[in-house]
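I have placed the structure first, in the form of structure tokens, so that the comments after it can refer back to it.
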Number of protein chains: 2
Amino acid sequence: MDLKRSDLLQGTLDLLILKTIEHRPLHGYAMAQRILETSREVLAVQQGSLYPALHRLERKGFIQAEWREAESKRMAKFYSLTPSGRTQLAEEMDQWQRYARAIQWVLQAEGAAS
Amino acid sequence: MDLKRSDLLQGTLDLLILKTIEHRPLHGYAMAQRILETSREVLAVQQGSLYPALHRLERKGFIQAEWREAESKRMAKFYSLTPSGRTQLAEEMDQWQRYARAIQWVLQAEGAAS
DNA sequence: ACTGATATGTAGAAGAACAAGGTATGGACC
DNA sequence: GGTCCATACCTTGTTCTTCTACATATCAGT
């Protein structure tokens, strides 16, 4: 019952979103599917996390939206990276590598001297 | 001004603490130093994060405290892993590896088909 | 007597993610 | 025509973690 209730590492959602639309615009629903796929079913982004995050990123100017017709023939909001979003993506990738490496170091540290 | 104000990846602090006392008891202050060292100055655990985390972990039964004299000749609270804490550590290490790998997969995913 | 490193702690605020709910459209099937 | 499901968007309220900033005390050295 005291199980982890978090599907995501807090702080990585923005990075995942930005990365997912790096090469082409996508709508929210498709992003979640794509992240689930590329993470091999590990990272399940909830809609209640996704949409607020998209609005946050848009407000900060990192992504911009445009209504277009999706493959399904339904209207959907396609988000694409802005130039500032591209910069942000690069920074967040750096940060992630930095933290992940640092944590790895701690996990591999020797038991220490007596 | 919109800089990341987080020194840590949310959700990893417990893991770092548990790992740091895996082989010998330590007091809080020393844990923070040790994490800073082993992470090569990357992970700076704030005192306002550390002590509440220790109390949380103790309340959950993962660690236990004992007052002892530190090298400095001052009294300090030494925390050690309980059996249940050892199990928890193993689980959190698994989780971390799982997530880190998954995120790496997303970051390395191909730009996708047309 | 003062300073700096050691050592523990709390209060308040911010922020992210989650659970759970709601709305609506298009296609397929009966 | 009616029903169902996958698609697609969104919000509200809650929980949890961490941060900033502060408060306190001891010990060693000057």
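The values are calculated or read from the model by the stated rules, or taken from the named source; none is laboratory data. Predicted model only: the values in this text are computed from it and were never measured. Positions of Cβ are backbone-derived with ideal geometry, glycine not excepted, and every protein chain shown enters the neighbour counts. Only protein heavy atoms, including side chains, enter the accessible area calculation; ligands, DNA and RNA are left aside. Shrake-Rupley method; radii C 1.70, N 1.55, O 1.52, S 1.80 Å.
In table form, for the structure just shown:
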item: More than 16 Å apart - percent of Cα-Cα pairs taken over region B:23-114; result: 68 percent
item: Solvent-accessible area of B:TYR51 with every protein chain in place, 1.4 Å probe, in Å² to the nearest 10; result: 80 Å²
item: Evaluated at q = 0.17, 0.21, 0.24, 0.31 Å⁻¹: base-10 log I(q)/I(0), Debye formula over Cα of region B:3-49; result: -0.46, -0.69, -0.90, -1.39
item: Value of [θ]222 nm, deg cm²/dmol, for chain A, DSSP H segments ≥ 4, -39500 (n - 2.57) each, nearest 500; result: -16500 deg cm²/dmol
item: Over region A:64-114: Rg over Rh, Cα atoms, Kirkwood Rh; result: 1.40
item: Teacher prompt: A:GLN97 distances to equivalent labels in other copies, 7 Å Cα→Cβ, nm; result: 2.4
item: Derived scalar couplings ³J(HN,Hα) [region B:42-51; Karplus, 6.51 cos²θ - 1.76 cosθ + 1.60; whole Hz; x for Gly, Pro]; result: 8, 9, 9, 7, 6, 4, x, 9, 5, 5
item: Accessible surface of chain A, 1.4 Å probe, proportion on carbon and sulfur as whole %; result: 49 percent
item: At most 14 other Cβ within 10 Å, DSSP loop - trypsin sites (Lys or Arg not before Pro), region A:1-66; result: A:LYS4, A:ARG5, A:ARG40, A:LYS60
item: For A:GLU71, inter-copy label distances in nm, listed shortest first [label point 7 Å out on the Cα-Cβ vector]; result: 6.0
item: Summed buried accessible surface, chains B and A, 1.4 Å probe, nearest 100 Å²; result: 3700 Å²
item: Per-copy distances of the B:ARG24 label point, shortest first, in nm (7 angstrom along Cα→Cβ); result: 5.7
item: Cleavage-rule hits, GluC sites (Glu not before Pro), region B:44-114, DSSP coil, Cβ neighbours within 10 Å at most 10; result: B:GLU71, B:GLU110
item: Chain A Cβ-axis minimum, rotational copy B, residue and distance in Å; result: A:GLN10, 2
item: For chain A, accessible area per residue (1.4 Å probe, heavy atoms of protein chains only), Å²; result: 60 Å²
item: Calculated over the protein assembly as shown: convex hull of Cα atoms, volume per residue (Å³); result: 142 Å³
item: Relative contact order, percent, region A:13-107 [alpha-carbon distance under 8 Å, six or more residues apart]; result: 31 percent
